[in-house]
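A.B. asks: Let me begin by handing over the structure; questions about it come next.
The values are calculated or read from the model by the stated rules, or taken from the named source; none is laboratory data. As the structure is a prediction and not an experimental result, all values here were calculated from the model. Please note: Cβ atoms are built from the backbone with ideal geometry, for glycine as well, and neighbour counts cover all protein chains shown.
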Amino acid sequence: MTAAFPFPEEMMHVFRRLNGIYGIAQVPTESEWMGIYNNAGFNLIKTVLENSVTKALNTQTLQRDSDGSLEFDPSDSIDSSIYEIWDEHQLLTEKYAKLVN
C-alpha cells in the first residue's frame, strides 16, 4: 500500500486501528518506499506497476442476482468476524481510494 501523499496522524489512526488486518504502522509514499528499500541494501529500485485504488475500484464488475441485488453468499464455514473485517476493509478502501495507490 502506498500513500499518494504523507498521511496526517488522524488519518493514520484509522489504518492503525485496523493494524490486525494490515499489519502496518505507516503507509509510506512512493519516495518513502524507495528510501526503505535503499536503506535495506537494494540499489536498483523501480516501480513496475503503478495503479490507484480508485482505478481498480472503477474497473471492478459486480455480479448481481436475478433480482438485481449484489451477489453475496457467505459460507457457514467462515467465522462471521471475518466478514466484519472484510466490511471494514471495504469501507476503508472506498473512503480513502483516492489517497492510496
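A.B. asks: Does the stretch 60-70 include one or more residues that are modelled with pLDDT of 90 or more and farther than 19 Å from residue 1 by Cα?
C.D. replies: The initial filter retains those residues of the stretch 60-70 that are modelled with pLDDT of 90 or more, namely none.
So far as the stretch 60-70 goes, no, none of its residues is modelled with pLDDT of 90 or more and farther than 19 Å from residue 1 by Cα.
A.B. asks: Now, a different point. Among the numbered criteria (1) over 13 Å from the mean Cα position of the chain (by Cα); (2) at pLDDT below 75, which one does residue 101 miss?
C.D. replies: Failing condition for residue 101: (1).
A.B. asks: Within the set of pairs 6+ apart or on separate chains, which have a first residue in the stretch 7-30 that is modelled with pLDDT of 80 or more, a second that is surrounded by fewer than 13 Cβ atoms within 10 Å (Cβ to Cβ) and aromatic (Phe, Trp, Tyr), and C-beta atoms under 7 Å apart?
C.D. replies: From the stretch 7-30, the pairs are 29/5.
A.B. asks: Continuing with this model, one more query. Is there a residue in the stretch 31-48 that is at pLDDT 75 or above and within 11 Å of the chain's Cα centre (by Cα)?
C.D. replies: Taking the stretch 31-48 and keeping what is at pLDDT 75 or above, we get 31-47.
Pick out the ones that are also within 11 Å of the chain's Cα centre (by Cα) and you get none.
Looking for residues that are at pLDDT 75 or above and within 11 Å of the chain's Cα centre (by Cα), one finds none in the stretch 31-48, hence no.
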